[in-house]
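Comments concern the structure below.
Please treat every number below as a calculation from the coordinates, not as lab data. Keep in mind that what you see is a predicted model, and the values were worked out from it rather than measured. No Cβ is skipped: glycine too gets one built from the backbone with ideal geometry, and neighbour counts run over all protein chains shown.
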């Protein structure tokens, strides 16, 4: 499989070439355009029951589309995300990655997709009760609203919840208020996330919540 | 007339250098700045779906009822026009050919180009959004805008584009609005509601981002009006 992420960083878009017999799994709605010779199938995300639970409690799309090349020639497909910003990829090779809601775009064969209990703290912070964990040997594509930065957490680290995109599961999340109830409300920092452990964290330079907070008082 | 594109691709703006007594029509509200001796008039878009009734229909679809006509005086003038959303601008030269434009992607055109609301497209009952098509024919320049960057596909055979990602396409192509899944349930759940299936030869211009999807992502978090 050949891939190319073009128009980085603000309008990053994934251009893929599927060889005969290859397939790519993508989030519902991620397909911008493709060769008319590719076949598409829709499946539940991680099985029916977790899929439904996720839809009710996690707030993300229930379904996953599988695009496969059943022809004898290479075929192209273009995948993108709903927000403007950067896209990156990781080759798992046995590693694992957890994605925050909205970050997931696509994965290749050999990747295991699981929904895991994220806890009530996560739910209070508006991040849903479940989190998406990807493992195996495939490749994962995910995106951000704004630019992407990576941080190697050594011991502990604090991030604003709305800016967290992905993290390795070796990192433990503790969602809480930044400085007591009053401090949190007045500082505008809201929920922060105290990360503990060692591993890589992906951050986005803008947050959708920030945009919503900016727009909300302007609506009349 | 000379066209200069600045700040591509994320914040593209078109700087139009006009000779004396030249004309350009543009989407109402697209003007950013201009020489003070440019004369501006406003008209209703003509053609099927034009006029007052068609205008009302477009307003329902969130489209502008009016187009602005800019005419330079006895000296050369400058006109800056820009779309509302972040993204790129693409100039397309028509020479007796026909171009179908997704109505929100139209920015401006020169007088030799007739822009009509050829047909009202369809309303997707899945996303609740309307897609309106404009047809441009004649000869001259059409200026298109997009949400995100614009990529060009030279179709030869079969090609599928999500309706939210279409900027414009050449009329030499045959097309069908269809669902990508064979089953209705699949079409409903796949999130890929309706797609445009192209056949034949010609160019399709696609935008990397779907304005409707971004709007729903942000709009879903805003309180109802």
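Mean per-residue shielding of peptide A:81-90 is 3, counting Cβ atoms of other chains within 10 Å of each Cβ.
Going by C-beta contacts inside 10 Å, put B:5, A:38, A:219 in order with the fewest on the left.
Placing the least packed residue first, the sequence is A:219, B:5, A:38.
Projecting label points 7 angstrom from Cα along Cα→Cβ for residue B:43 and residue A:198 puts them 7.2 nm apart. Each label point was placed 7 Å from the Cα along the Cα-to-Cβ direction; for residue B:23 and residue B:222 their separation is 3.6 nm.
Using a 10 Å cut-off around each Cβ, can you sort A:149, B:105 from fewest to most neighbouring Cβ atoms? Can you show the working numbers first?
On the way: A:149 14, B:105 24.
Fewest to most other Cβ atoms nearby, the residues stand as A:149, B:105.
Pulled fully out, how much extra length does the chain show between residue B:8 and residue B:139, if you take 0.36 nm times their separation in residues and subtract their Cα-Cα distance? Spell out each step's value before the answer.
Values: separation 131, 0.36 × 131 = 47.16 nm, distance 2.54 nm.
Value of the extension gain: 44.6 nm.
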